[in-house]
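Participant: Let me give you the structure first, and then I'll get to my questions.
The values are calculated or read from the model by the stated rules, or taken from the named source; none is laboratory data. Treat the numbers as computed from the prediction; the structure is a model and nothing was measured. Here the Cβ is made from the backbone with ideal geometry for all residues, glycine too, and neighbour counts use every protein chain on show. SASA here: full protein model, heavy atoms, side chains in, ligands and nucleic acids out. Shrake-Rupley method; radii C 1.70, N 1.55, O 1.52, S 1.80 Å.
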Amino acid sequence: MVRVAIADDQAVVRMGLRALLEREPGMECVGEAGDGHTALALLRRTRPDVLLLDIRMPGMDGLATLRAIAADPGLRGTRVVVVTTFAMDEYIFAALQAGASGFLLKDSAPDELVNAVRVVAAGEALLSPAITRKVIGLFGRHGAEPVEGIETLTPRERELVAWVATGRSNEEIARELTISPDTVRTHVSRAMVKLHARDRAQLVVFAMRAGLALPA
């Protein structure tokens, strides 16, 4: 059972998301919040697997909520999907830095949202090629910077981390390199351990900061 919480200041949006989740086998909505402070209290009380989080909320907004989640050791098990009407570069960049595991626009199809919850609950990143290209461009303008542990990666691990940063899945990377998905998974997992990456999305951030990313 994947346990999901919803944080959005619009009651009609929360109602729609809850209705969608509750009719999906294997998913449970554990609660709703209309602002960041209420969302944090809900997370600490229910410890869901996934939080669907709006960016623009009154009081504590989505970005501040993301930072608070990342700073709370008790909430490390909760993955966050940002669900927003705004596909603006600065939001994407800031949310990834703050710990988001994925992004979804509010006008996405219902099956896309359900798939997003499953993907992120499994520890994967939900980064579309379009979003990945934007983020690569933003990091590229800032230039490479030191990332602790990057020097411990083997050449193969560095290569696969760079492929992960394109937003491709293990299966897609395996097809590109003509290797097995298990081989990709093994090297990526080792790289995550060495870099202390919380999840695949944070591994993408580390790769981009270190200048390892390939073209998306």
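Participant: Between beta-carbons, use under 12 Å as the cut-off and find the net charge around residue 158, counting Lys and Arg +1, Asp and Glu -1.
Facilitator: 0
Participant: Over the Cα atoms of the chain, what radius of gyration and what Dmax do you get, in Å?
Facilitator: Radius of gyration, then largest Cα-Cα span, for the chain: 16.9, 50 Å.
Participant: How many Å² of accessible area per residue for the chain, probe 1.4 Å?
Facilitator: 46
Participant: For the range 1-61, what are Rg and Dmax over the alpha carbons, in angstrom?
Facilitator: 10.9, 34
Participant: Something else about it: Report, in deg cm²/dmol and to the nearest 500, the calculated mean residue ellipticity at 222 nm for the chain, where each DSSP H run with n ≥ 4 adds -39500 (n - 2.57) and the sum is divided by the residue count.
Facilitator: The helix contribution divided over the chain gives -16000 deg cm²/dmol.
Participant: Determine the share of the chain's accessible area contributed by carbon and sulfur atoms, expressed in whole percent, with a 1.4 angstrom probe.
Facilitator: 54
Participant: Provide the gained length on full extension for the span residue 189 to residue 23, in nm with one decimal, where the gain is 0.36 nm per separating residue minus the Cα-Cα distance.
Facilitator: Full-extension gain reported as 56.4 nm.
Participant: In nm, what is the difference between 0.36 nm times the number of residues separating residue 112 and residue 72 and their Cα-Cα distance?
Facilitator: That pair, residue 112 and residue 72, stretches by 11.5 nm at full extension.
Participant: Further question: Given 0.36 nm per residue, what is the gain on full extension from residue 172 to residue 61 after removing their alpha carbon distance, in nm?
Facilitator: So the chain would gain 36.5 nm between residue 172 and residue 61.
Participant: Just to verify a number: FRET efficiency for residue 180 and residue 85, C-beta to C-beta distance, R0 = 41 Å, to 0.05?
Facilitator: The pair residue 180/residue 85 has a calculated efficiency of 0.55.
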